[in-house]
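Trainee: There's a structure below that I have some questions on.
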Amino acid sequence: MKNREAPLLRGREAIESQELATLAPYAQKSCESAGRKHREPRHPYRTEYQRDRARIIHSRAFRRLEHKTQVFLSGTADHLRTRLTHTIEVASISRSIARALALNEDLAEAIALAHDLGHAPFGHSGESELNRLMRGQGGFDHNQQSLRVVELIERKYPDFPGLNLSFEVLEGLHKHGAPPPPPRRRGGAREVYHRPTLEAQIANLADEITYYSHDLDDGLDSGLINPEQLAGLDVWRLSYEEVRRDFPRRTGPEIFGYVIRCIIDRQVQDVISNSARAIAASGVRSADDVRRHRKALICYSPELSAANRKLRKFLYANLYYHPTVAGINRRASRMLRGLFMACVRDPSLLGRGTVRRVRKEGLERSVCDYLSGMTDGYLLQEYARVCEGLKRHQGPDAPDLAEACT
């Protein structure tokens, strides 16, 4: 009998060795992870960040993103983006930038996939409404809520709450303020970090690239924005002129999608080239050097940064606050407010998992957790279910809830 060759297997240690050999010195290596809050044995075939990615994708919060608003109410049209498709697009762009800069693609992707897990239903209007409702109670911010989701709300393990993600993914979800110190001591003292890893910075900027370009795409597709309005925006004009030169016989909506593609490509290339220069000039030689550095090293050119600020201002004026979008958002916010009030007055309306957290987390925060986790459709369904109760629920010290049911 002929000897059969053993199958080729790439275990975790082989993947980690390849990272050490091929990634930049300032990349965050999987084998150098600070670990997890709850200790677990290492996996034979997957790195820490590959495991994180799988845990995020298999979470309930990730699945619910399919039915949460990006700009247009979920279900408005089959081809308009939802919070899930936005998230997948952010992850794709994150991998592209990380690969070009010889950074850890798995870490950048995991952070990107988790960055919106805490987003409220009804998009930014839902977030704003919950923040108003939680005034004096710590407010509401979807970035901080994403951390609550992966550290507290998701339940996958019998012994502890959360997904038990690695320190580096949790670090990447801290988008505001200095990132936390790692769960370890070096030389007897905690490190002081000013920035997260380059991989986390990539996910943050990829989020901007994605929503600038794809919200613009959906605005054009919906007819709420027309190309004549965009003529004064450099971000649009440069790519539009490029496409018209390459395809002079094509006009109108048939080239808009390709213009958006060119906008994304231009932005990604700009970030890669400018970040490479910034990294080289900084002199960082390790992932911790990046953390100690006071300035972000993943960055646009000054010209593109200015152009994006103009685009952002345009989108707020002409899309996010468009009467068609704003009218739907006002009604959605009214429903969210009414259901919040009802749950505070009658906690039996909450899910069983939420009720168990009330004593430790407080009633208002638990209600906020419950509502922020809802999809658009489920919130509408729950609002309809309790609406008649809301109308009857009046008291001398309670706001008029009947208006919220109209």
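Trainee: Tell me the volume per residue, in Å³, of the convex hull enclosing the alpha carbons of the stretch 5-89.
Mentor: 181
Trainee: Round to a whole angstrom and tell me the spacing of the C-alpha centers of the stretch 108-180 and the stretch 11-48.
Mentor: That distance is 24 Å.
Trainee: If you roll a 1.4 Å probe over the heavy atoms of the protein chains, what accessible area per residue do you get for the stretch 107-238, in Å²?
Mentor: 37
Trainee: Another question about this same structure. List the aspartates and glutamates whose Cα sits under 19 Å from the Cα of Lys310, skipping any in the same chain fewer than 8 residues away.
Mentor: Asp207, Glu208, Asp215, Asp217, Asp218, Glu228, Asp234, Glu241, Asp265, Asp270
Trainee: In addition: No solvent, one uniform scatterer per C-alpha: report log10 I(q)/I(0) for the stretch 269-359 via the Debye equation at q = 0.17, 0.22 1/Å, two decimals.
Mentor: With no solvent term, the Cα-only Debye profile gives -0.80, -1.05.
Trainee: Once every DSSP H run of n ≥ 4 in the chain is given -39500 (n - 2.57) and the sum is divided by its residues, what mean residue ellipticity at 222 nm do you get, rounded to the nearest 500 deg cm²/dmol?
Mentor: That comes out to -18000 deg cm²/dmol.
Trainee: What order do Thr85, Thr251 take when sorted by accessible area (1.4 Å probe), most exposed first?
Mentor: Sorted descending by solvent-accessible area, the residues read Thr251, Thr85.
Trainee: So what does Met335 come to for accessible area, using a 1.4 Å probe and Å² rounded to 10?
Mentor: Its accessible surface works out to 20 Å², give or take rounding.
Trainee: Turning to a different aspect of this structure: How big is the Cα convex hull of the stretch 197-265 in projection, averaged over all directions, in nm²?
Mentor: That works out to 5.0 nm², a quarter of the Cα hull's surface.
Trainee: Select one label from [x] 76, 63, 58; [y] 62, 50, 42; [z] 68, 54, 39: the one whose number is Cα extents along the principal axes in Å as derived from the coordinates shown.
Mentor: Matching the structure shown: [x].
Trainee: Under a point-charge model restricted to the Cβ atoms of Lys and Arg (+1) and Asp and Glu (-1), what is the dipole moment magnitude of the chain relative to its Cα centre, in debye to the nearest 20?
Mentor: Its charge dipole is roughly 1120 debye.
Trainee: Hey, in the GNM for the chain with a 10 angstrom Cα cutoff, which one of Glu228, Glu208, Glu191 fluctuates hardest?
Mentor: Glu228
Trainee: At a 1.4 Å probe radius, carbon and sulfur cover how many percent of the accessible area of the chain?
Mentor: Of the solvent-accessible surface of the chain, carbon and sulfur hold 50 percent.
The values are calculated or read from the model by the stated rules, or taken from the named source; none is laboratory data. The structure presented is a predicted model; accordingly, all values stated were derived computationally and were not measured. Reconstructed Cβ throughout: ideal geometry from the backbone, glycine too, with neighbour counts over all protein chains shown. Protein only, heavy atoms only, side chains kept; ligands, DNA and RNA dropped before computing areas. Shrake-Rupley method; radii C 1.70, N 1.55, O 1.52, S 1.80 Å.
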